[in-house]
Amino acid sequence: YGLKKQDKEFPFLFYYGILSNVLINQPIKIFFHYKYLPFGYWWNKIKIYLTLNYIDFDNLEFNNIKVEHYAHKSDYIRLLYIYKYGGIYYDIDTLCVKSHENLLNNELVLGIQEKYKDEMDLLGNAVIMAKKENKFIKSIIDNYPKNFKNDDWTSASLFLPTQLYNDFDFNEKKNIKLLNKYYFYYPNYNENYLLFNEDMNIHDDLTTYHYCNNFNKLYIE
């Protein structure tokens with residue numbers, strides 16, 4: 001968070017997302033990676049639970065092309081940190097619904113975000129659980145530069161990991177816990193209307209929900 005200058009107060013829903021993690025998962029430590037610190041009432045209430053980690057990736061480049069958008073930087077930076085240290089990465093726009101304790105005995109945990117064009121299971125990157133120096137994470141990092149494009153939101157961040165997973169053999173896939181869409185990504189970014197449908201039920205598998213803030217802004221407001 002905070003890879004661009006902050007001009008609005010830290011919103012309640014981001015505060016609530018972190019608090020839900022604190023209350024439900026009771027983590028030993030939560031690292032908050034930032035360049036520009038948030039501010040405001042809800043930030044002041046939540047920062048006491050966080051270990052702040054200043055980062056500066058303003059000059060991040062792939063193939064001599066500067067990475068322009070903060071979201072693109074975030075997609076890559078999360079891989080670097082989770083490869084080096086291991087742990088659990090959560091996007092700021094996630095809400096913890098129930099404990100993820102039953103997932104912690106895996107080398108790597110990823111969730112299916114959607115069935116892309118009814119052809120392939122596209123892996124999401126809003127929630128990543130991994131032990132440090134994970135082979136699959138390293139493979140994504142190594143292949144990231146040649147797949148990255150500033151004007152393409154998904155080639156390196158979503159389609160690359162999906163393709164790498166599909167290319168893994170059976171024995172390699174055994175070390176990856178791949179969860180169905182209901183654990184992290186349902187309703188999806190293009191199904192937001194379901195959240196406000198009175199007939200909508202929370203799925204039994206839902207553990208941490210990525211509500212995709214950019215697609216949900218009108219509903220949230």
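Data table
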{"item": "Matching entry among LYS35, LYS4 (being in contact with a helix residue (DSSP H, G or I) (Cβ under 7 Å, 6 or more places away or on another chain) and either exposed (fewer than 14 other Cβ atoms within 10 Å of the Cβ) or charged (D, E, K, R) (or both))", "result": "LYS4"}
{"item": "Test: residue in the range 76-97 that is on the phi > 0 side of the Ramachandran plot and at pLDDT 95 or above", "result": "yes"}
{"item": "Candidate set: the range 9-26, residues that are part of a loop (DSSP other than H, G, I, E, B) and touching a residue at least 24 places away in the same chain (Cβ under 8 Å); chosen: the one most open to solvent (accessible area, probe 1.4 Å)", "result": "GLU9"}
{"item": "Count - residues of the range 52-81 that are free of Cβ contacts under 8 Å to residues at least 60 places away in the same chain, part of a helix (DSSP H, G or I) and over 25 Å from PHE39 (Cα atoms)", "result": "0"}
{"item": "Residue count for the range 58-72, restricted to those that are open to solvent by less than 20 Å² (accessible area, probe 1.4 Å) and within 14 Å of the chain's Cα centre (by Cα)", "result": "1"}
{"item": "Filtered residues of the range 163-211 (kept if among the acidic types (Asp, Glu), open to solvent by less than 90 Å² (accessible area, probe 1.4 Å) and either in a strand (DSSP E or B) or more than 15 Å from TYR116 (Cβ to Cβ) (or both))", "result": "ASP169, GLU172, ASP205"}
{"item": "Subset of the range 138-157 [modelled with pLDDT under 95 and among the aliphatic types (A, V, I, L, M)]", "result": "ALA156"}
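The values are calculated or read from the model by the stated rules, or taken from the named source; none is laboratory data. Worth saying up front: this structure is predicted, and the values here are computed from it rather than measured. Neighbour counts run over all protein chains shown; Cβ positions are idealised from the backbone, glycine included. The area values use the complete protein model at the heavy-atom level, side chains included, leaving out ligands, DNA and RNA. Shrake-Rupley method; radii C 1.70, N 1.55, O 1.52, S 1.80 Å.
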